[in-house]
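Below is one structure, written out as structure tokens, with a few remarks after it.
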Amino acid sequence: MRAEIRARLPKVLPARLGVAVSGGGDSVALLLLMGEIAQREQVALFAATVDHGLRPGAADEAQYVSALAGRLGIPHETLVWTGWDGDGNLQDQARQARYRLLSDWARGHAINAVALGHTADDQAETFLMRLGRSAGVTGLSGMRGKRLRDGLTLLRPMLGVTRRDLRTYLTEQGVEWVEDPSNQDIRFDRIKARQALSDLKDFGITAHSLTRVAENLTQAREALEVFAQESARSMAQVDAGDICLDRAAFQTLPQEIKRRLVVGSIGWIAGRGYPPRQSAVDQAVQAIDRGTATSIGGCLLVPQGNKMWICRELNAVQGKIARPGQKWDNRWIVTGPLVADAQIRALGEAGLPQVPDWRNLGKPRQVFLASPAVWVADELVAAPNAGFSNGWHVELAPDWPQFHSSFLSH
């Protein structure tokens, strides 16, 4: 089992590696196995437990993990979440908080990668849930064995191992684990998927078989990503943070690649979050084919002859304010002369008429409205992306990905 897990880790492990441990059987087994691997390869291993504060026994479970890690000689820290106010989707908010807390913890300890305890069963359950939502190739390819999130590399080395095998291993090692009572709560989709998976065994559909299907679809997804990247290189140009598509070339693409070009462009301009719904993406694809304007995911699609401009939507950045040298809209950095009380805000409808030469750039007016501009109160000082620099410069933040490379998974 240790060899199976090591094969799914990077060939050369980082000098400092983290492992997330909830106290359940999967993560406890991961702690033990990663401890063995780290010791063999002289890697400094650190453990963290996220206590969401949602169950009375959560603190005791975190304390159990702390004691176990101590016996193994692995430094451990409990990360407490107190952010839920009772609104929204609890599971989703808890998941987002878990990754955020782990990222902050890792940065504080100079850790670049954290191993997570997702198993073949988790992969199979994810596949079934996404199948129920009519997911495409990307969704059905499941969880990735390696993923970059908020600058932190997340590793899932146990995607080829079942929950049952891990508990057998722990029993052989004489190590106990905690059973989360929510794992029996059929109100949660994952627990429903877990029960459905058990019922499918007679058809030969198991965690292992669905994991293999997900891995096959991962290869298909990677091939589609390369095709989408090559298509973007040939028919999409970056112009001051906006994307300009050749509509005639776009119309020749298969529908799946068209969707990926749209989703990739929106994600690159507005920032990576949850992608737009497929119905919205299909409407955007139709708009490009027909040469009509539309909005999607905080962006505008603006036709201009055989071109389609994809740019930031003014409503999405209205009210966003930054100081010179700070990130604006999370991707722009504007610098220039020292001007008292200068602020970075959207150019907007009030600013564009004050830019005399914007028409010379040959772009539709809507494209400029959400671009970064320098203001002092109501006075426009500069709008570099609209051709009015006045000694100011604007550039994408250093951590913002390159457009064409953003089509590939990392």
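The values are calculated or read from the model by the stated rules, or taken from the named source; none is laboratory data. Fair warning: this is a prediction, and the values are worked out from it, not measured in the lab. We place every Cβ from the backbone using ideal geometry, glycine too, and count neighbours over all the protein chains shown. The protein model used for the area step is the full one, side chains on, heavy atoms only, and it has no ligands, DNA or RNA in it. Shrake-Rupley method; radii C 1.70, N 1.55, O 1.52, S 1.80 Å.
Please determine, in degrees from 0 to 90 and to the nearest 10, the orientation of helix 58-72 with respect to the longest principal axis defined by the Cα atoms of the chain, where the helix direction is its Cα long axis.
70 degrees
Springs between alpha-carbon atoms under 10 Å, Gaussian network over the chain: tell me which of PRO337, PRO14, PRO384 tops the mean-square fluctuations.
Greatest mean-square fluctuation among the candidates belongs to PRO337.
Please determine, in degrees from 0 to 90 and to the nearest 10, the orientation of helix 255-270 with respect to the longest principal axis defined by the Cα atoms of the chain, where the helix direction is its Cα long axis.
The answer is roughly 80 degrees.
Could you tell me the accessible area of HIS404 in Å² (1.4 Å probe, neighbours in place), rounded to the nearest ten?
50 Å²
Could you work out the per residue convex hull volume over the alpha carbons of region 103-177, in cubic angstrom?
Dividing the Cα hull volume of region 103-177 by its residue count gives 121 Å³.
Using Cα atoms only, what is the angle between the long axis of helix 278-290 and the major principal axis of the chain, expressed in degrees (0 to 90) to the nearest 10?
On a 0 to 90 degree scale, this one is about 30.
Please compute the volume of the convex hull spanned by the alpha-carbon atoms of the chain and report it per residue in Å³.
So the per-residue Cα hull volume is 170 Å³.
At R0 = 56 Å, how high is the FRET efficiency between GLU179 and ASP357 if r is their beta carbon distance? Nearest 0.05 is fine.
0.25
Just to verify a number: FRET efficiency for ASP239 and GLN63, C-beta to C-beta distance, R0 = 45 Å, to 0.05?
Computed FRET efficiency for ASP239 and GLN63 comes out at 0.20.
Tell me what the chain gives for mean residue ellipticity at 222 nm when only DSSP H runs of n ≥ 4 count, each as -39,500 (n - 2.57), the sum divided by the residue total, rounded to 500 deg cm²/dmol.
Working: 15 runs with 170 residues, N = 410.
That calculation yields -12500 deg cm²/dmol at 222 nm.
Can you give the FRET efficiency for ASP150 and PHE203, using 1/(1 + (r/R0)^6), R0 = 51 Å, r = Cβ-Cβ distance, to the nearest 0.05? It would help to have the intermediate numbers written out before the result.
Numbers: r = 39 Å, r/R0 = 0.77.
According to the calculation, E is roughly 0.80.
For region 190-267, what number results from the quotient of the Cα radius of gyration and 2.2 N^0.38 Å?
1.62
Once all Cα-Cα distances of region 274-387 are split into 10 Å bins that start at 0, what whole-number percent is in each one?
P(r) for region 274-387, in whole percents per bin: 14, 40, 31, 13, 2.
Which log10 I(q)/I(0) values does region 1-77 give at q = 0.26, 0.27, 0.28 Å⁻¹ under the Debye formula, counting every alpha carbon as one identical point scatterer?
One equal scatterer on each Cα of region 1-77 leads to -1.24, -1.31, -1.38.
Within region 300-326, whose backbone N sits under 19 Å from a point 7 Å along Cα→Cβ of ASP399?
321-326
Taking 0.36 nm per intervening residue step and subtracting the Cα-Cα distance, what contour gain separates GLN304 from ASP282 on full extension?
The span from GLN304 to ASP282 would gain 5.9 nm if fully extended.
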